[in-house]
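Visitor: Before I ask anything, here is the structure I am working with.
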């Protein structure tokens, strides 16, 4: 059964004097909260002349795909090969949380052009996590990944997050954040649990409501 409601927006239920392309998504979140809507409910905000109908329907389709599990949020993991055992553990945890994780060894079959595979990985992702350990050096493909991440951030805006985590090794040596990433907030978590918390807080998406499997 599908229930449909038409609501005339005003300051009381939107919190703003007028709705524009700059605040439409925050207004949508406000309406969801005000009417206690779930992830299965959709909010479509139309101009009086319906000129933004196509844009709203596209957003509706994307949300539906994510909620129904047809399309998962993908997260790109950037790391040095020597840190792969550590990164695999984070990959497993993120997958348990429902994310589709991009890790080179799984995402690129033999024969895939490296640059092309990495670029597509970024285009398909909503976030890039950089694991900055003493092994991580800003050179070669790692520098390319930083540039790709910045490009995606500029293109997608709030729908893409650059998450930089700094780790130390057993000797106390601390990873050095690449210059290009220093313009973004980075964190140095005390342990893996804190690192996961920082990732979840920084992602551009919200985890779903708690419910039985």
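Taken together, the values in this text are just the output of simple stated rules run on the coordinates, not laboratory data. Predicted, not measured: the structure shown is a model, and the values here were computed from it. Reconstructed Cβ throughout: ideal geometry from the backbone, glycine too, with neighbour counts over all protein chains shown.
Visitor: Could you tell me what percent of the DSSP beta bridges with both partners in the range 74-202 are antiparallel, to the nearest 5? Mind showing how you got there, number by number?
Guide: Values: 1 of 17 bridges.
For the range 74-202, the DSSP antiparallel bridge percentage is about 5.
Visitor: Multiply the residue gap between residue 123 and residue 49 by 0.36 nm, knock off their C-alpha separation, and tell me the result in nm, one decimal place.
Guide: On the way: separation 74, 0.36 × 74 = 26.64 nm, distance 3.28 nm.
In short, 23.4 nm is gained.
Visitor: Tell me, what is the FRET efficiency for residue 38 and residue 192 to the nearest 0.05, using R0 = 30 angstrom and their Cβ-Cβ distance as r?
Guide: Values: r = 31 Å, r/R0 = 1.04.
So the FRET efficiency works out to roughly 0.45.
Visitor: Rank these for me by crowding, 203, 180, going from fewest to most other beta carbons within 10 Å.
Guide: Values: 203 20, 180 14.
Listing 203, 180 from fewest to most nearby Cβ atoms yields 180, 203.
Visitor: How far apart, in nm, are two points set 7 Å out from the Cα along the Cα-to-Cβ line at residue 12 and at residue 144?
Guide: It is 5.8 nm.
Visitor: How do 95-104, 40-49 rank on mean C-beta neighbours within 10 Å, highest first?
Guide: Details: 95-104: 17.2, 40-49: 12.9.
Highest mean packing first, the order is 95-104, 40-49.
Visitor: Can you bin the range 74-202 into rounded, prolate or oblate? Criterion: square roots of the alpha carbon gyration tensor eigenvalues sorted a ≥ b ≥ c, rounded for a/c under 1.5, prolate for a/b above b/c, oblate for the rest.
Guide: Cα axes put the range 74-202 in the rounded bin.
Visitor: Pairwise over distinct Cα atoms, reciprocal of the mean inverse distance: report the Kirkwood radius of the range 11-67 in Å, one decimal place. Numbers along the way, then the final one.
Guide: Details: mean 1/r = 0.0832 Å⁻¹.
It is 12.0 Å.
Visitor: Expressed as a rounded percentage, what relative contact order does the range 11-67 have, with Cα pairs under 8 Å and six or more residues apart? If you can, show how the numbers build up before the last one.
Guide: Values: 32 pairs, mean separation 14.2, N = 57.
Answer for the range 11-67 is 25 percent.
Visitor: Treat the count of other C-beta atoms within 10 Å as a stand-in for reagent exposure and order 160, 76 from fewest to most. Please list the in-between numbers first.
Guide: On the way: 160 21, 76 27.
Ascending number of Cβ neighbours within 10 Å: 160, 76.
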